[in-house]
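The values are calculated or read from the model by the stated rules, or taken from the named source; none is laboratory data. None of these values were measured; they are calculated from a predicted model. Glycine also receives a Cβ, built like all others from the backbone with ideal geometry; neighbour counts cover every protein chain displayed. We work out accessible area using only protein heavy atoms, side chains counted, and drop any ligands, DNA or RNA first. Shrake-Rupley method; radii C 1.70, N 1.55, O 1.52, S 1.80 Å.
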Amino acid sequence: MSTIVFVREQVENERRCSLLPINVKAYTKLGATILIESGIGETVNIQDSDYAEAGATVEADREALLAKADFVMSIHPLTKADLEKTKTSVCCISFLDPFNAHDHIKWLQKTGRSALSVEMIPRSSRCQKMDALSSQASLAGYVMVAKAMSTLPRVFPMMMTPAGTLKPAKVFVIGAGVAGLQAIATAKRLGASVTAYDTREVVAEQVRSLGAKFLAIDIGETGQTEQGYAKALTPEQIEIQQQAQAACIADSDVVITTAQLFGRKPPLLIKKDVIAKMKPGSVIVDMAAENGGNVEGSVAGSIANVEGVNVIGTGNWASEVALDASQMYANNLQALLLEFWDSENKTIQLNLEDDILQTALITHAGELINPTIKALLTEEKA
Ligand code: NAD
């Protein structure tokens, strides 16, 4: 029987948590031993007593808790200082940022600790219920619209009143993946006039089915990866895109950029000269601000005034709706655990033959498992 530990998040301004009492009930029903760090649900107003009632053991001493863990579940990865308190046989399950956290991964491998990166869980039908990237991105799409709405000095819907008619706000969404589609749907529900663009032509129909317009830009061959991710554009294609979308940006009250390239830096899509053409007081929300940004001048963690336009780069969007985000994330983890639960031995069975684990496990028992990350780190060493 193994001990599954859920810790309190340590990252500043993080309000989400990885477990709700309802998940504890499900876990204990399976016969799992669940230990939680005291205060884990404080930011979403859930008391230790609620978790204890559901069947968890509450521990105030983080060090003692970590020392007992066979599995540690969290949103953000444990720091090295935390990991040093765990057994070397531990398996940590969290977001891991594996394309950037090279030194951390090398250390995990060297010390024999296992790490499962939730962002590397495949985007397949079987994995939909475990897909934390999607659950959190979808909420991010909603939050970005809410942020834009509260910053824009205009209303979103058309209003015909005795005091005059207000035109609907114009919203332009760049990138219509999970976050972008939710942003489009939310802005539409609020009555805005919405246009969207994505390099993957296949999403045009999805955009239209939400009642938004799709901006047609001919940039030539684009395509997508096997997993459905966008391929990087050539500098010439980026140039065509920037020019073709400039008029739409200038005419918009709100621009929301969600364009990402899995495992790479997001493309820079809006430059200052185009921002300068927007009406003063307009709003841009740059979803990617924390990773380099789609928008020139956006500042990670804050709102920047660029050429009179409010460019919102606050980031960690899902944390703004922490209770729902925690519920979705905790359910993603629960689905993952259920998929690999060994009811006889009351533990998670890390079956390395399984294609989910072949991709999502980054390190295990001193080996690098995910082939892409393995190739990246091996190349770095050579
Ligand atoms: P993402 O976060 O990697 O990127 C967001 C969007 O940005 C994508 O739609 C991408 O095409 C777009 N983009 C990239 N460069 C751009 C540019 N220069 N201009 C405009 N847009 C640009 O993607 P995501 O939201 O994680 O989704 C990726 C894909 O995975 C989608 O096809 C989605 O439907 C698919 N998906 C599948 C499953 C599943 O089957 N389980 C689950 C979730 C997502």
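Leu338 passes every criterion in (1) surrounded by 15 or more Cβ atoms within 10 Å (Cβ to Cβ); (2) in a helix (DSSP H, G or I) apart from (1).
Scanning the range 153-188 for residues being away from the ligand (no atom under 16 Å from the Cβ), small (Gly, Ala, Ser) and in contact with a Leu (Cβ under 7 Å, 6 or more places away or on another chain) gives a total of 1. Within the range 103-152, the residues that satisfy the criterion of being of a type in the set (Ser, Thr, Tyr) and within 16 Å of the ligand (Cβ to nearest atom) are Ser117, Ser124, Ser125, Ser134, Ser135, Ser138, Tyr142. For Leu338, the conditions (1) assigned by TED's automatic domain parsing to the domain that holds Ser117; (2) under 18 Å from Ser134 (Cα atoms) all hold with the exception of (2). Among the residues of the range 310-328, are any over 25 Å from the mean Cα position of the chain (by Cα) and farther than 28 Å from Ser89 by Cα? Scanning the range 310-328 turns up no residue that is over 25 Å from the mean Cα position of the chain (by Cα) and farther than 28 Å from Ser89 by Cα.
In this structure, Val306 qualifies as out of contact with any strand residue (DSSP E or B) (no Cβ under 6 Å at 6 or more places or on another chain), among the aliphatic types (A, V, I, L, M) and not assigned by TED's automatic domain parsing to the domain that holds Leu116.
Residue-wise test of (1) closer than 14 Å to Ser114 by Cα; (2) open to solvent by less than 20 Å² (accessible area, probe 1.4 Å).
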residue: Val44; (1), (2): no, yes
residue: Met73; (1), (2): yes, yes
residue: Glu84; (1), (2): yes, no
residue: Lys87; (1), (2): yes, no
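Residue-wise test of (1) part of a loop (DSSP other than H, G, I, E, B); (2) within 9 Å of the ligand (Cβ to nearest atom); (3) within 18 Å of Phe156 (Cα to Cα).
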| position | (1), (2), (3) |
| --- | --- |
| Gln241 | no, yes, no |
| Ala247 | no, no, no |
| Ile256 | no, no, yes |
| Ala259 | yes, yes, no |
| Arg264 | yes, no, no |
| Pro267 | yes, yes, no |
| Lys279 | yes, no, yes |
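Taking the criterion of being assigned to a loop (DSSP other than H, G, I, E, B) and surrounded by 15 or more Cβ atoms within 10 Å (Cβ to Cβ), the residues of the range 1-29 that qualify are Ser2, Val7, Arg8, Glu9, Glu14, Arg15, Arg16, Cys17, Ser18, Leu19, Leu20. Has the range 351-358 got at least one residue that is under 19 Å from Cys17 (Cα atoms) and either surrounded by 16 or more Cβ atoms within 10 Å (Cβ to Cβ) or of a type outside the set (Asp, Glu) (or both)? No, the range 351-358 contains no residue that is under 19 Å from Cys17 (Cα atoms) and either surrounded by 16 or more Cβ atoms within 10 Å (Cβ to Cβ) or of a type outside the set (Asp, Glu) (or both).
Scanning the range 55-71 for residues that are surrounded by fewer than 20 Cβ atoms within 10 Å (Cβ to Cβ), without any contact (Cβ under 8 Å) to a residue 60 or more places away in the chain and not in a strand (DSSP E or B) yields a count of 7. Taking the condition away from the ligand (no atom under 11 Å from the Cβ), open to solvent by less than 40 Å² (accessible area, probe 1.4 Å), assigned by TED's automatic domain parsing to the domain that holds Lys271 and touching a strand residue (DSSP E or B) at 6+ places or on another chain (Cβ under 7 Å), does Ala196 pass? Spelling it out, it is not the case that Ala196 is away from the ligand (no atom under 11 Å from the Cβ), open to solvent by less than 40 Å² (accessible area, probe 1.4 Å), assigned by TED's automatic domain parsing to the domain that holds Lys271 and touching a strand residue (DSSP E or B) at 6+ places or on another chain (Cβ under 7 Å).
Applying the criterion of at least 2 residues that are farther than 25 Å from Thr347 by Cβ and modelled with pLDDT under 95 to the strands (runs of 3 or more DSSP E) found wholly in the range 72-166 leaves an empty list.
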